[in-house]
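Nothing in this text is a laboratory measurement; each read-out follows from the coordinates by a stated rule. Values in this document were obtained by computation on a predicted structure and should not be read as measured data. Cβ placement follows ideal geometry from the backbone for every residue including glycine, while neighbour counts extend to all protein chains displayed.
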Amino acid sequence: MKKGSRNRKEIRRLVTSMIVGLATLNAMAQTMPGGPRLVVGIVVDQLRTDYIEALKQHFGNDGFRRLMEQGAYMKDVDFKVDGLDAVAATAMLQTGAYPMKTGVPAAMVYDQELARMFPALAKGANSGSLTNDSYTPEALRLSTLSDELLMASDGTATAYALSTDPQQAVIMAGHAGTGAAWINNTTGNWASTSWYRPMPAAVNTRNLRSPLSARLDTMQWKPAVSASLLPGMSKQKALSPFRHSFSRKEKDAYIRFASSPLGNREVTDVAIEYLKGMQPSIGGMPDMLNLAYTLAPYKYAKEGEPKAELADAYIRLDRELARLFEAMDKVAGKGNSVIWLSSTGYYNDPSGDNPKYNIPTGEFSTRKAASLLNSYLAAQYGNGAYVKAFRHGKLWLDLAGVSLNGRRKEDVVNDARGFLSRMSGVAEVLTIDDILSGNTPKAERLKAGTDPKHAADLQVMFAPGWTVTEDMDYPAVSWPVREAAVMTPAFIFAPEVEAQIISTPVDATALAPTVAGILRIRSPNGSETKPLLLK
């Protein structure tokens, strides 16, 4: 063999060896030990265990099934709080603490000095005008998972948060987050606050070139699967499938959109844009992306219980999760991500009972109740405006400007409780002292959700079957009372966590420290519970 031919073969062998070596190194980099490269936290408002079990046959393999079959599947996560909403629950999940400590007991809190409700994280709410910059994490009293991750990385990692709701986005980004973005309810554009870094160029480009305002009128929400194939659907639902359109002319157009599966799709679209711009490091702290979706019953359904819409929303969210997980694998490499997903721990059924079934019912008007209570207290203690506000079962009294005829404030509060307790439609009334003492299981759950700074004087529990109409302000809002509890799930998917099903109740405050343990960072500074011992 000639020397030149032998040299060429040796060169080819050397090049081949180099290529194989580089491919091996790349494969090692994609799955090398040293911790995950990406962590994604997902909050799904009002996600129910029974629904994902019942609809599992309609899911693909890469969304909910991936979490249910390959991760730690907790079937019964207990938030141990009554009266939760999505914002308060998100704060619980990110801090590992109850609303009494987080500073965010509800999406809307009452300011007694201003005598009005305002968003819990709205800075400068006394101006009466909310802008994007009104929302900051300053009212959130505790550190979050995002905060702890960024502190552990000495600022080298990034942490972003996306939601259709500004307060959820801010909570998930935390105090130290890189960025938070949400859909502005007035313009439909993705928005943020100057508290964080500017939004990525791709999102600004989306606002300019493909704004939601230009797409909204063309959108429709129709069933992804025939109702006849879904469990528990009536023949009427199968024969008359729903169809929802969205119009910019409607005052609450973007709120309606955000409440639908199309809002979830928008969150996924933008999340994928964020992922494309992320370059998680190997061997250091992972980058973080937090998202909020909704599976709350669609309250804008025109007729009856929105059961078909709700089932369809689950099926569509399963597809969104599959899209999201695929994008994650492309960025971080398959097997190099941590995913944790949790429900918000409650379910608000928007549909009342049809009168033809003769279920005991009635209507409780907060305006009438407040008027009667005020008249009663005026007869006892002299003329005055005693009732300041009555919202979501919470009643605030104004006793500063009236004469109590030598009686203590506690006596007036107790008189008010006794009067309200005798009203039709009222099941029980507790004072703030009753709640803070936590002497009963009911009081203990209320205490966990009560922030003393924003606490009402009285908490009214209404009788199941009744409809409560809050009509002290315009427009009036009505909601049916139903106390049936539901099981809500959570999932943790990580390289070191084996597939397992946990059927015993799990405290919701254990999720944050458990995720922190997997990431090998400190738990948030107000964490209530020890981490779960996962296999």
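Between 95, 136, 83, the Cα set farthest toward the positive side of the dipole of segment 40-165 (charges on each charged residue's Cβ, about the Cα centre) is that of 83. Every Cα-Cα pair in segment 137-223 was counted, and those over 17 Å apart are 54% of them. If you wrap the tightest convex hull around every Cα atom of segment 104-169 and split its volume per residue, you get 103 Å³. Reducing segment 460-476 and segment 478-501 to their Cα centroids gives an inter-centroid distance of 28 Å.
Working note: Cα atoms of segment 159-285, range along each principal axis, descending, whole Å: 55, 38, 25.
Classify segment 72-210 as rounded, prolate or oblate from the Cα gyration tensor: take a ≥ b ≥ c as the square roots of its eigenvalues, call it rounded if a/c is under 1.5, otherwise prolate when a/b beats b/c and oblate if not. Since a/c reaches 1.5 but b/c is at least a/b, the shape of segment 72-210 is classed as oblate. Highest-first packing order for the peptide set 112-121, 77-86 is 77-86, 112-121, based on the mean count of other beta carbon atoms within 10 Å. Per the Kirkwood treatment, what hydrodynamic radius in Å, one decimal, follows for the chain from the mean inverse distance over all distinct Cα pairs? Its Kirkwood hydrodynamic radius stands at 25.3 Å.
Relative to the current alpha-carbon distance between residue 520 and residue 222, full extension at 0.36 nm per residue lengthens the span by 102.9 nm. Computed from the C-beta positions of residue 70 and residue 348, the FRET efficiency with R₀ = 30 Å rounds to 0.45.
Based on alpha-carbon atoms, the Kirkwood radius and the radius of gyration of segment 71-122 give Rg/Rh equal to 1.08. Panel values: segment 412-512, Kirkwood radius from alpha carbon pairs, Stokes-Einstein at 4 °C and 1.567 mPa s, translational diffusion coefficient 76 µm²/s. Computed from label points 7 Å out along Cα-Cβ, the spacing between residue 116 and residue 194 is 2.3 nm.
If R0 is 30 Å, the Cβ-Cβ spacing of residue 359 and residue 300 corresponds to a FRET efficiency of close to 0.80. The angle separating the long axis of helix 366-381 from the principal Cα axis of greatest extent in the chain is about 40 degrees.
Give me the orientation-averaged projected area of the Cα convex hull of segment 309-362, in nm², one decimal. Display every interim value, and only then the final one.
Numbers: hull surface 23.6 nm².
Spelled out: convex hull of the Cα atoms, projected over all directions, averaged, 5.9 nm².
Given Cα pairs under 8 Å that are at least 6 residues apart, what percent is the relative contact order of the chain? It rounds to 27 percent for the chain. Taking only alpha carbon atoms, segment 392-464 gives an Rg to Rh ratio of 0.98, where Rh is the Kirkwood radius.
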